[in-house]
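What follows is a single structure, written as structure tokens, with notes after it.
The values are calculated or read from the model by the stated rules, or taken from the named source; none is laboratory data. Only a predicted model underlies this, so the values are computations on that prediction, with no experimental measurement involved. Backbone-built Cβ (ideal geometry, glycine too); neighbour counts: all protein chains shown.
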Amino acid sequence: HVALIDDGDDERLLQLAANLRPLPFSDAAANNNATTTVEGIHPIARLCTARGIAYDELSNPHRALPFLRMALAIDARCMEALDYAVRRRLLPPEEEKEWISSLHFGSGEEMERMGISWLRDAYLARL
């Protein structure tokens with residue numbers, strides 16, 4: 001079974017995602033914010049995660065990884081992207097640690113207010 005994915009779509013999605021700033025966690029908490037899903041994860045981050053998983057399932061991990069990285073760059077709470085990349089061992093351990101260190105989790109106050117101060121530690125423990 002062959003799946004056709006337009007390369008132009010990849011480039012446009014990555015360009016769109018690159019132009020997004022990390023989701024401000026204070027905005028994610030607002031129930032009336034139209035840019036988040038019910039679970040609070042940015043929809044473009046979810047789309048990037050799904051695309052990354054699809055590429056890996058099609059035996060193309062090199063195309064999968066940029067999408068999984070972008071998902072977490074947009075919204076560091078998109079645990080599915082990190083979990084998948086770690087479980088599938090798409091990166092060496094040193095690069096995984098660098099990746100997690102580069103994520104935007106918000107300032108100390110934001111992290112405490114949102115109750116996500118544990119998230120960076122949970123990601124590192126997952127490695």
*Subset of region 94-127 that is of a type in the set (A, V, I, L, M, F, W, C) and in contact with a Gly (Cβ under 9 Å, 6 or more places away or on another chain) - its residue that is modelled with the highest pLDDT*: I116
*Of all helices (runs of 4 or more DSSP H) completely enclosed by region 1-87, which ones contain at least 2 residues that are surrounded by fewer than 21 Cβ atoms within 10 Å (Cβ to Cβ) and modelled with pLDDT under 90?*
7-19, 25-28
